[in-house]
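> Right, I'll just put the structure down here and ask away after.
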Amino acid sequence: MGLSDRTGTNPLFNENPLKLGIFGPNVSHGCAITTAPGALEVTWANTRRIAELADAAGFEALVPVARWKGFGGKTNFNGTCFETYTWAAGLAALTRRIAVFSTSHVPTVHPILAAKQATTIDHISGGRFALNIVCGWYQPEMEMFGAPIMPHDERYAYASEWVEVVRRLWTEAEEFDHEGRYFRINRGFHEPKPIQHPYPALMNAGGSEAGRHFTAKYCDMAFILLRQHDWDGARAQVDALRRLAKEEYGREIQVWSYGYVVCRPTHREAEEYLNFYVRERGDWEAVENLTRIIGVQSDVVDPDQLEAFKFHFIAGWGGYPLIGTPEEITEDLVKLHQVGLDGCLLSWVNYEDGIQQWRREVLPLMEQAGLRKPVTLL
Ligand SMILES: Cc1cc2nc3c(=O)[nH]c(=O)nc-3n(C[C@H](O)[C@H](O)[C@H](O)COP(=O)(O)O)c2cc1C
């Protein structure tokens, strides 16, 4: 297959006003820090089934979490997990139209290897690969690699050079030398080029100033943690990011966020289940470990908001709560679109049941609301 404009092969660039994806199907318990029955057990059969269901329902994105070590507690949350390039390669071969991401911790993989793996997955998938670039914040897992975690802003300086090398490999026809602060490349060479032109979509999920600038300068998509239920704040957050990309770097970017779903016939039943899996069955020890490190290592969440966030972290990694009937959830999705989001990744306690229910009960309402065009369900 020859080079193609990526809008033709990658559904991340389709026309749907609110695109959809799955977040965290490669890590144990996914995004829900709970011992409730039905939470994700990571086996290839399970992760494959989730990917195939999402593909069949016309979702646009499968986004894994990059993880090397769990967060302790009863669940050792996320501790059992698949490596994300090999995971994406397998799923690229098994799916037909969904974009398959890898989430790559830049300090753990040399840019020549990352570029090659990404290109290979882009070819396996026929131009549906995308790369979520993360710098690493969870000290114990980064230290497993034998080096201390870098100071915060330096992580993004490193990521910038990393992505510049990857982009040169993906796009330059001639061999090149690179002599930088972190990498020295002698006669860099890369063939074949990715199917997607100029190269696969890049995403970043940093919330700090350095992270926002990295996203605005290098990425096609920002993946953000949205302020809860504060629509004006959310709108300002999304606008500011787009403005930064436009005004400082002359670029257009997509902005995505994520939400956790509890969909039930009545609002009360949805709230009851949410309370059950968070308050009764939540792994509060794991969330304590997680938020303590997030508070210290990143600028995403204000320290004084951290307590309230524990509930939301257990419920779904601090994502936006999509709780209630299919109609109520659709109303929230309309608002998420109105604040300026291009896409939303979803998680459930039980992904398989959740995706099937979404396809039956929520997708038709999203179509009626003009958020998505009907697709051929596979
Ligand atoms: C939506 C979202 C998804 C993320 N996914 C991962 C991940 O899979 N692995 C990881 O190590 N960090 C992940 N992060 C953490 C960020 O990449 C980043 O390290 C963290 O937000 C700290 O950077 P900051 O201070 O620039 O916000 C995620 C963050 C957000 C908001």
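No lab work stands behind these numbers, since they all come straight from the coordinates. Everything numeric here is computed off the predicted structure, so don't read it as measured data. Backbone-built Cβ (ideal geometry, glycine too); neighbour counts: all protein chains shown.
> Under the 0.36 nm per residue contour assumption, what length would be gained going from the current alpha-carbon distance of Arg187 and Arg96 to full extension? Write down the numbers at each step before the final one.
Details: separation 91, 0.36 × 91 = 32.76 nm, distance 3.61 nm.
Stretched out fully, the Arg187 to Arg96 stretch lengthens by 29.1 nm.
> Still on this structure, I have one more. Lysines within cross-link reach of Lys193: Cα-Cα under 19 Å, excluding same-chain residues under 8 positions apart?
Partners found: Lys116.
> Of Phe13, Phe313, Phe145, which is the most mobile in a GNM of the chain whose springs link Cα atoms less than 10 angstrom apart?
The residue that fluctuates most here is Phe145.
> Just tell me which aspartates and glutamates come within less than 18 Å, Cα to Cα, of Lys74; anything on the same chain fewer than 8 places away is out.
List returned: Glu41, Glu280, Asp283, Glu285, Glu288.
> If we count every other residue with Cβ under 12 angstrom of Ile149's Cβ, Lys/Arg +1 and Asp/Glu -1, where does the sum land?
Working: positive: Arg155; negative: Glu141, Glu143, Glu154.
Taking every Cβ under 12 Å from that of Ile149, the sum is -2.
> With a cut-off of 8 Å between alpha carbons and a minimum separation of six or more residues, what is the relative contact order of the stretch 25-76 in percent?
On the way: 36 pairs, mean separation 23.5, N = 52.
The normalised contact order for the stretch 25-76 reaches 45 percent.
> What does the net charge come to around Ala92 if you take all other residues with beta carbon closer than 9 Å to its beta carbon, with K and R at +1 and D and E at -1? Before the final figure, lay out the partial values.
On the way: positive: Arg128; negative: Asp122.
Local net charge: 0.
> To continue, here is another question. Quick one: go through the stretch 163-180 and flag any residue whose amide nitrogen is under 16 Å from the point 7 Å out along the Cα-to-Cβ line of Arg251.
Residues 163-171 fall inside that zone.
> Of Lys69/Lys310; Lys217/Lys373; Lys19/Lys310, which pairs sit farther than 22 Å apart, going by alpha carbon to alpha carbon? Kindly include the intermediate steps, with their values, before the conclusion.
Working: Lys69/Lys310 20 Å; Lys217/Lys373 31 Å; Lys19/Lys310 27 Å.
Beyond 22 Å between Cα atoms: Lys217/Lys373; Lys19/Lys310.
> Classify the stretch 246-350 from the C-alpha gyration tensor, please: rounded if a/c falls under 1.5, else prolate or oblate depending on whether a/b exceeds b/c. Before the final figure, lay out the partial values.
Details: a/c = 2.78, a/b = 1.13, b/c = 2.46.
Note, shape of the stretch 246-350 comes out oblate.
> Right, something else. Around His105, which amide H atoms from residues at least 5 apart in sequence, or from another chain, sit under 5 Å from its own amide H, with H modelled in the peptide plane?
Val134
> Quick check: from the Cα gyration tensor, does the stretch 1-131 come out rounded (a/c under 1.5), prolate or oblate? It would help to have the intermediate numbers written out before the result.
Numbers: a/c = 2.22, a/b = 1.43, b/c = 1.56.
It is oblate, given that a/c is not under 1.5 and a/b is not larger than b/c.
> Find the relative contact order for the stretch 74-183 and round it to a whole percent, using C-alpha pairs within less than 8 Å whose residues are 6+ positions apart.
Values: 105 pairs, mean separation 28.8, N = 110.
For the stretch 74-183, the relative contact order is 26 percent.
> Still on this structure, I have one more. Name the residues whose placed amide hydrogens come within less than 5 Å of the amide hydrogen of Ala130, ignoring near sequence neighbours (fewer than 5 apart) on the same chain.
It is Val100, Phe101, Ser102, by chain and number.
> If r is the Cβ-Cβ distance from Val334 to Asn14 and R0 is 22 Å, what FRET efficiency results, to the nearest 0.05? Each step should come with its number before you reach the end.
Values: r = 19 Å, r/R0 = 0.85.
Between Val334 and Asn14 the formula returns 0.70.
> Moving on. Using Cα-Cα distances under 8 Å and only pairs 6 or more residues apart, what relative contact order does the stretch 4-368 have, in percent? Write down the numbers at each step before the final one.
Details: 723 pairs, mean separation 81.6, N = 365.
Relative contact order of the stretch 4-368: 22 percent.
> Now for a separate question. How much net charge surrounds Glu271 when only the other residues with a Cβ under 12 Å from the Cβ of Glu271 are counted, with Lys and Arg +1 and Asp and Glu -1? Mind dumping the intermediate values first?
Numbers: positive: Arg264, Arg268, Arg279; negative: Glu269, Glu272, Glu328.
With Lys, Arg at +1 and Asp, Glu at -1, the neighbours total 0.
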